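Asks: I have a structure here, written as structure tokens, and I will follow up with some questions on it.
The values are calculated or read from the model by the stated rules, or taken from the named source; none is laboratory data. Values in this document were obtained by computation on a predicted structure and should not be read as measured data. Ideal geometry is used to build each Cβ from the backbone, glycine not excepted, and the neighbour counts take in all protein chains shown.
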Amino acid sequence: MESNIESLMHGFGIAITMQHILLMVVGVLLGILVGVLPGLGAPNGVSLLLPLTFGMQPVSAIILLSSMYWGALFGGSVTSILFNIPGEPSSVATTFDGYPMARDGRPSTALATAFGSAAFGALVGVVLITLVASWVAQFALRFGPPEYFAVYFLAFASFVGMGGTPPIKTLVALSIGFAIAAIGIDTVSGSVRLTFGVPELVKGVDFVVAVMGLFGIGELLLAVEEEMHAKAVSSKIDWREVLRTIAGLPRYGGTLLRSAAIGCWMGITPGGPTAASFMSYGVAKRFARKGSRPFGTGVPEGIVAPEAADHSAGTSALLPMLSLGIPGSATAAVMMGGLMIWGLNPGPMLFVDQRDFVWGLIASMYVSNIVAVVLVLATVPMFAALMRIPFFIIAPLIFIICTVGAYSVSNSYLDVVLMFGFGILGYLFKKAAYPLAPLVLAIVIGDKAEDAFRQAMLMSKGSLGIFFSSPLVTCLILGGFAFLLVPQLMKLARPRRPDLEATEV
Amino acid sequence: MISQRAIEVTTAVLTGIFGVAVVVSSMEVGIGWGEKGVDAGTFPLIVGSAIALGSLYNLARGVLVGHEIAVSWPALRRVAGLFVPAAVFIALIPSFGMYAASFAYTLATVGWQRKLPPWKTVAVALAVPLFLYVVFEKAFVVTLPHGTLFEMMGF
């Protein structure tokens, strides 16, 4: 434990430099921008920024990208509260009570409650990473291919079983991701597969192209369909009210802790921030005292619960990414893709080989979340003004940005066409309640999961018995089956709960 | 308008076709146990089958979904208003290049709304390729497609 604190201090030495603080500021501001704009979200923003980080030191690059992630999480809440328009899917639940409170003339209170709870949630997530990540990594160093495959299986099973979307739809989304990951040259045998007669597909389909289409174009189509009317409440910030609200947050200590715990759980088992915020809101609603004001009318707990869970999930999604090489959310998946491009190998070896990178990132998360809270409060009026630009101007601009982003991945027109196809798929998936995050995750780590499977098979000469050959592997595989089946059995035994149905991404 | 049933069925059919294509393609690569262990087509075969079977299930469920409206006429018109010009934009890129296509695309979609005075519309449409040129071509040295037409003219 002591060495963790030492490592963290070492990390602070790396994170707190002029250059890195500056990168945090830039990252957070860009993050708030993509968070505020509907149609552009954290996964897209990070993908767009990715090519610009290739010349950087990996630790600087990850500080920039992760700061953007935090900024986007905060930015999404700004529009939820002031405009009733969620800038990010994960801040949908914040609109339920955040907007009514702001509309009743208390926008500063609503924003401060949201940011305060969000910062608390993020802090819990970072502390968890600080304490547990290196321990998990140390444990995972003993993993061989069968154990790795079992962990992947566990992660994907928990997606299917607990993602909140219909399990078979999640399974289809996940499998499509795996199939897309398999397109191109097979890394083990060197043979070309699944190119469907298109020679350009030999290079494979880049996850950035999929993210641009699925999240960018898909969200954009949804946004025009819903025809948003930005009816803003006043975006003036009353700083005294902000301080008073944040000082009063401990009153909701129980809700804060419970929501952060839900968030951490959903972040580590890849449920993601969106599912976490909905689940936390639902739980808080059930825990609400009898006789108090009903949820949905602007009660503080209704803001605290989704915000704390959203941010603790977003933060703790980096834990499995760093220590196991399994990203806990779509944005974490994009960052992990970045790690691989920078030549790092996500997983337990990072803690041995790339100590500066890992602890620099962890330490930066403490600092950049503080930077984010300050910046987001200071820039609320500015970004609120941005929302007054009519959407018919912003929509084509976002479309062009996504197009250029997809093209610049490998200067290929085919990628642009593919992105458009992914956009249509993303729209259909959203309309039919298929989750998008598993698809992206599967594209990023599909090859690794397949390699682990094939290496395990080589070790056992083709016998599936290897997955039951040691207590550890057996536990992981059985745990996966439990994640897969227990929620279904519980659903059969109990009537459906409508408030948890609507979780997506 | 489009019903929820139509969306469910369309999605399931599309994913199903992809699943079958993956299965067929992976059979050609080779499945099962080869000299180098598990053959390259095996894993795609498994996920392809999962897609195909899952889609079949979703299709069956989708057919049972009620006829409730998923996208109303006005909403569909708005979606088409973004979708159709966007498709044209993408189709224009190979011959006209990113800059000219993005100019035309912005001009058309913003102009179509008739909510901005013409000079503002043109200004926005000019600003887009200019921004792209400065950020990508100059700052980050990423060459965007100039288009075959302009390349023939020597740009």
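Asks: Which residues, counting only those in segment A:453-477, are within 11 Å of another protein chain (Cβ to nearest Cβ) and either crowded, with 17+ Cβ neighbours inside 10 Å or touching a Cys at 6+ places or on another chain (Cβ under 9 Å) (or both)?
Replies: A:453, A:454, A:455, A:456, A:457 - these are the residues of segment A:453-477 that are within 11 Å of another protein chain (Cβ to nearest Cβ) and either crowded, with 17+ Cβ neighbours inside 10 Å or touching a Cys at 6+ places or on another chain (Cβ under 9 Å) (or both).
Asks: Right, next: If I filter segment B:15-24 down to residues being more than 7 Å from every other protein chain (Cβ to nearest Cβ) and buried (at least 17 other Cβ atoms within 10 Å of the Cβ), which single residue comes out as nearest to residue A:430 (Cα to Cα)?
Replies: Top of the filtered list is B:16.
Asks: Further question on the same structure: Quick one: count up the residues across segment B:112-133 that are over 12 Å from residue B:144 (Cβ atoms), without any contact (Cβ under 8 Å) to a residue 12 or more places away in the chain, assigned to a helix (DSSP H, G or I) and not charged (D, E, K, R).
Replies: So the answer is 6.
Asks: Residue check: is residue A:131 surrounded by fewer than 24 Cβ atoms within 10 Å (Cβ to Cβ), more than 20 Å from the chain's Cα centre (by Cα), modelled with pLDDT of 90 or more and part of a helix (DSSP H, G or I)?
Replies: yes
Asks: Name the residues in segment A:182-227 that are closer than 30 Å to residue B:75 by Cα, away from every other protein chain (no Cβ under 12 Å) and among the aliphatic types (A, V, I, L, M), would you?
Replies: Within segment A:182-227, A:208, A:209, A:210, A:211, A:212, A:214 qualify.
Asks: Name the residues in segment B:124-147 that are of a type in the set (Gly, Ala, Ser) and either surrounded by 12 or more Cβ atoms within 10 Å (Cβ to Cβ) or touching a strand residue (DSSP E or B) at 6+ places or on another chain (Cβ under 8 Å) (or both), would you?
Replies: Within segment B:124-147, B:125, B:127, B:147 meet the criteria.
Asks: Further question: Which one is modelled with the lowest pLDDT among residues in segment B:111-133 that are facing chain A (nearest Cβ under 7 Å) and out of contact with any Ser or Thr (no Cβ under 8 Å at 6 or more places or on another chain)?
Replies: B:113
Asks: Take segment B:79-110 and flag every residue that is more than 17 Å from residue A:398 (Cα to Cα) and within 10 Å of chain A (Cβ to nearest Cβ).
Replies: Listed by number, the residues that qualify are B:91, B:94.
Asks: Specify the residue that is farthest from the other protein chains (Cβ to nearest Cβ); the eligible residues are those in segment B:25-43 that are surrounded by fewer than 13 Cβ atoms within 10 Å (Cβ to Cβ) and outside any loop (DSSP other than H, G, I, E, B).
Replies: B:28
Asks: Would you point out which residue out of B:85, B:94, B:74 is assigned to a helix (DSSP H, G or I) and modelled with pLDDT under 90?
Replies: B:74
Asks: Just checking, does segment A:178-187 include any residue being surrounded by fewer than 18 Cβ atoms within 10 Å (Cβ to Cβ) and either at pLDDT 90 or above or among the charged types (D, E, K, R) (or both)?
Replies: No: segment A:178-187 contains no residue that is surrounded by fewer than 18 Cβ atoms within 10 Å (Cβ to Cβ) and either at pLDDT 90 or above or among the charged types (D, E, K, R) (or both).
Asks: Just to be sure before I move on: is residue A:436 in contact (Cβ under 8 Å) with a residue 12 or more places away in the chain and touching a helix residue (DSSP H, G or I) at 6+ places or on another chain (Cβ under 6 Å) in the structure I sent?
Replies: Spelling it out, residue A:436 is indeed in contact (Cβ under 8 Å) with a residue 12 or more places away in the chain and touching a helix residue (DSSP H, G or I) at 6+ places or on another chain (Cβ under 6 Å).
Asks: Something else now. For segment A:140-168, which residues satisfy the criterion of being over 18 Å from the mean Cα position of the chain (by Cα), over 19 Å from residue A:351 (Cβ atoms) and not in a helix (DSSP H, G or I)?
Replies: A:166
Asks: In addition: Tally time: how many residues in segment A:56-74 are over 11 Å from residue A:364 (Cβ atoms) and small (Gly, Ala, Ser)?
Replies: Residues meeting the conditions: 3.
So that you can scan it fast, the table gives a plain yes or no per residue for (1) in a loop (DSSP other than H, G, I, E, B); (2) without any contact (Cβ under 8 Å) to a residue 24 or more places away in the chain; (3) farther than 25 Å from residue A:426 by Cβ:
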| residue | (1), (2), (3) |
| --- | --- |
| A:26 | no, no, yes |
| A:34 | no, no, no |
| A:40 | yes, no, no |
| A:55 | yes, yes, yes |
| A:60 | no, no, yes |
| A:66 | no, no, no |
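Asks: Any chance you could count how many residues in segment B:1-14 are in a helix (DSSP H, G or I) and more than 9 Å from every other protein chain (Cβ to nearest Cβ)?
Replies: Going through segment B:1-14 one residue at a time, the tally reaches 4.
Asks: Shifting gears a bit: So, of the residues in segment B:134-155 that are β-branched (Val, Ile, Thr) and part of a loop (DSSP other than H, G, I, E, B), which turns out to be modelled with the highest pLDDT?
Replies: Here the residue is B:143.
Asks: For residue B:39, work out the one condition from (1) modelled with pLDDT under 90; (2) at positive phi it doesn't fulfil.
Replies: Here residue B:39 clears every test but (2).
Asks: Based on what the data block shows, is residue A:65 at pLDDT below 90, crowded, with 24+ Cβ neighbours inside 10 Å and not β-branched (Val, Ile, Thr)?
Replies: No, not satisfied.
Asks: Name the pairs whose Cβ atoms lie under 7 Å apart, with the first residue in segment B:56-67 and more than 11 Å from chain A (Cβ to nearest Cβ), the second crowded, with 16+ Cβ neighbours inside 10 Å and among the hydrophobic types (A, V, I, L, M, F, W, C), and 6 or more positions between them or separate chains?
Replies: Final answer for the pair search is B:63/B:9.
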